[in-house]
1. So which residues in the stretch B:97-134 are assigned to a helix (DSSP H, G or I), within 11 Å of chain A (Cβ to nearest Cβ) and over 21 Å from residue A:90 (Cα atoms)?
2. Is there a residue being surrounded by fewer than 18 Cβ atoms within 10 Å (Cβ to Cβ) and within 13 Å of another protein chain (Cβ to nearest Cβ) anywhere in the stretch A:109-124?
3. Within the stretch B:418-459, restricting attention to residues that are within 12 Å of chain A (Cβ to nearest Cβ) and out of contact with any helix residue (DSSP H, G or I) (no Cβ under 8 Å at 6 or more places or on another chain), which residue is nearest to residue B:301 (Cα to Cα)?
4. So, in the stretch B:343-362, how many residues would count as being outside any strand (DSSP E or B), within 9 Å of residue B:453 (Cα to Cα) and either within 16 Å of the ligand (Cβ to nearest atom) or within 14 Å of chain A (Cβ to nearest Cβ) (or both)?
5. May I ask you to list the residues in the stretch B:388-428 that are surrounded by 22 or more Cβ atoms within 10 Å (Cβ to Cβ) and away from the ligand (no atom under 16 Å from the Cβ)?
6. I need the full set of residues from the stretch A:57-81 which are surrounded by fewer than 22 Cβ atoms within 10 Å (Cβ to Cβ) and not in a loop (DSSP other than H, G, I, E, B), in order please.
7. Anything in the stretch A:161-189 that is at the interface with another protein chain (Cβ under 7 Å from one of its Cβ atoms) and touching a helix residue (DSSP H, G or I) at 6+ places or on another chain (Cβ under 6 Å)? List them, or say none.
8. Does the stretch B:43-62 contain any residue that is modelled with pLDDT under 95, within 8 Å of chain A (Cβ to nearest Cβ) and farther than 27 Å from residue B:142 by Cβ?
Ligand code: SF4
């Protein structure tokens, strides 16, 4: 897994609450059987003025000039600033894949939808929860100053603004550890293979029908 | 110590509590579909990992499959959209390579993942169930701990039979009393989402209880649990009772003989203890729930059918107000407009929320002997599985729909998310029995209104929303 320790980058806004996974990456792009290449279709319906199709080049598609990611000042942004319940809706991991592929390393919001939040960590993308007054402050400062950069340090779990304000955020210890070290979840779990086998024996004694095989095509 | 149902399900699947706060939870059943699995199988191959326990997986294609008889006739090869075809073929190939049981495209048991799980008996009370799809909570209706996972977790479950998880908090949503006539499980869950909001259940496992849930059929409970995710919760569950046990008996993968007897005894303990403590309890009065219609672009934006589109000016929270204003623009509605005045273009009856036999019956009962309004360009009924389709046809429901001018389709997700050819045109309004009214969900620029099957059926006949309770009155 990709690791995350520190990162500094330009912040860009997605200034609305309840940004759902259909907005992050519309379903026509989920037909891919790959993990990469979704960045050009991130926020597709808002970013372009036409309806995007899978396997289509985005060069020459009409851009929505009012959409922040199309504005010069947010060019190269790698920190997304947004509102509550970001990532609600589907469990599609294509949403963090698209954010990552676009170049985002970090998303800051007052809250995230559970599955999306979880999926981010699997892809080296750091979701940061800050309370809404702090998020408000970041939005205001960002709008006021083109090229506004935020510095994120996962070791100290902090976000620092250009003027030096530092906000701490909370992350579950195991998620923080895995992200810092770039550890592979499957390898970690397989270290407990014996525990899993022991559990299966106990479980089969208590609820043997659970182990009836799915078969019989 | 007194435990909630969620506590019991968690404790009975806890493999290892790790020092860093995470836990390994054993997964009893894993359901696979074509959209979220290809990258997981690819990951296994690349790391040369063997799946842990193959015979616990079951797969079916649903999101991309066409729903017209013509396009289904020649199976996978007949799927016109090449990208969709590749995805379905990839699922077939992966199941073949790994030896996973699949209900392939034209198998009579094929269907939407969350419909086939309980229908086949693959998902049973007391099990942990996962699937790379957020509506997996549907299986909670039979007293299983079920939730949606991402693709990395699909790979993780295939490789280890476990999920790395953190225990959620306990919420009880109690729906008291009795539902009025014409009010359905869909109205109950829409009213719940309207009340607690789309983030209200975030971090919780929701147990749905109260007299209304006890009186509800298992299929109705599925509709409720299905949309737990729309309330922000990853899992929704309902305690096991006799209704549950009657439902699971005799299904393909349900145990028989002595194992059945043993299972029933075990399952009878699957309810929250009387003294169990919930972190949050929300109560609703079932008798005051009316048929619901969503007006906006989030499932919490619902009002009773007798109501009006709300006015953002009356809301003080700036973020919420802005969301409402944006939704009004997207939906092409004005504040104060009567719900019954919304002009509808299409009707969709289907999806993992409402595509089971009871839903088909409820819709058929409303349209029987009536004709679709001319102003509705397309009204389609898409059964959730091949078995639902066969049952409906055995009851003659397909004829009822066709006679009324509705289209009767082949099973799949269809216009719920419009990954196949079934979609809304730009600006079209649709009465839909699905679960999400997000921007573009049912097609680019499409405008979705979430309703129950009976309400969707009534809208197909009237051409606009109408209180199904009055409608039934008129027809009889
Ligand atoms: S019917 Fe809709 S919500 Fe259900 S699994 Fe299919 S696409 Fe997802």
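1. Passing the criteria: only B:120.
2. yes
3. Of everything passing the filter in the stretch B:418-459, B:437 is nearest to residue B:301 (Cα to Cα).
4. 5
5. Correct list: B:392, B:397, B:400, B:401, B:406.
6. Passing the criteria: A:63, A:68, A:69, A:70, A:72, A:73, A:74.
7. A:185, A:186, A:189
8. For the stretch B:43-62, residues modelled with pLDDT under 95, within 8 Å of chain A (Cβ to nearest Cβ) and farther than 27 Å from residue B:142 by Cβ: present.
The values are calculated or read from the model by the stated rules, or taken from the named source; none is laboratory data. Worth saying up front: this structure is predicted, and the values here are computed from it rather than measured. We place every Cβ from the backbone using ideal geometry, glycine too, and count neighbours over all the protein chains shown.
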